[in-house]
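So the structure is just underneath, and the comments pick up after that.
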Amino acid sequence: MTDVIDIDGMQLHYTVSGSGSPMVLMHGWGCDHSTLASIEAVASRDHTVYNVDFPGFGNTPEPPEVWGVEQYTRMIECMVQKLGLNRPVLLGHSFGGRVGLLYASRNEVSKLILVDAAGVKPRRPLKYYVNVYGFKLAKRIVRLVCSREKADRVIADWRSRRGSADYNNASPRMKSILSKVVNEDLRHVMPSITCPTLLIWGENDTATPVRDAIVMERLIPDAGLVRFAGCGHYSFLDDPRRFAAVLESFLES
């Protein structure tokens, strides 16, 4: 069943399925609730599953301004409070893991499941910073020697050739949000997460490498890591049968 809830004027869309104790699913960047449909099918056997479309994805409109992880987390907190969900299980994939980390660090959560989750600021080589600051210098020069309109066209072309697929496919506001959230490091909140936490990771994940999971396992007091050989950033789609077995075991424990 598809539903919508008003949170401070924002129409947050989500689906509801199953019955039992509450569980909230949070998708990754560039996705929507349908990406987690296979997880919803498994979890809804014993839980009432709320599968969210984050603002800017699926049927939920973009945020009114440039949000960070804090604002996305507040929205889930408001949703949980308005719906009266008591100590929900949280599952976050990729970007959804960021929200799960921050939420669980300051709210009562039954269990936390992080799937190929973001939240550890990536280690970048010197070449990355050379390129970043070189790009900033080039932008200044172009704006000095070209008209504003031409400079904007040139800079937009550079960005389209240098940016990731997620960045290039986003609207201007969502590009700004992506640039903000990918640089947010949540390691400082991880020791405050007291609920049982399951980390499920594809060993071939290049977007959020398994070394991030190792950091999370070390910093979250009650965390355990399950690695999926041969799987990438979407481990739940690469090996759905094994994922379902691990998920069910953790939910039943």
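The values are calculated or read from the model by the stated rules, or taken from the named source; none is laboratory data. Fair warning: this is a prediction, and the values are worked out from it, not measured in the lab. All Cβ positions, glycine included, derive from the backbone under ideal geometry; neighbour counts span all protein chains shown. SASA here: full protein model, heavy atoms, side chains in, ligands and nucleic acids out. Shrake-Rupley method; radii C 1.70, N 1.55, O 1.52, S 1.80 Å.
Note on V182/D6: beta-carbon distance plugged into 1/(1 + (r/R0)^6) with R0 of 51 Å gives a FRET efficiency of 0.95.
Between S17 and R218, the modelled labels are 3.8 nm apart [label points 7 Å from Cα along Cα→Cβ].
Label zone of K82 (point 7 Å out along Cα→Cβ, amide N under 15 Å): in the range 13-30 this covers 13-16. Taking the DSSP bridge list for the range 1-53 and keeping only pairs wholly inside it, about 60 percent are antiparallel. Just add up the charged neighbours of A229: K/R +1, D/E -1, any other residue whose Cβ is under 12 Å from the Cβ of A229. That sum, taken over residues with Cβ under 12 Å, equals -2.
Could you tell me how far the Cα centroid of the range 72-89 sits from the Cα centroid of the range 193-253, in Å? So the separation of the two Cα centres works out to 23 Å. For the range 9-73, the share of accessible area belonging to carbon and sulfur comes to 48 percent (1.4 Å probe, ligands and nucleic acids excluded).
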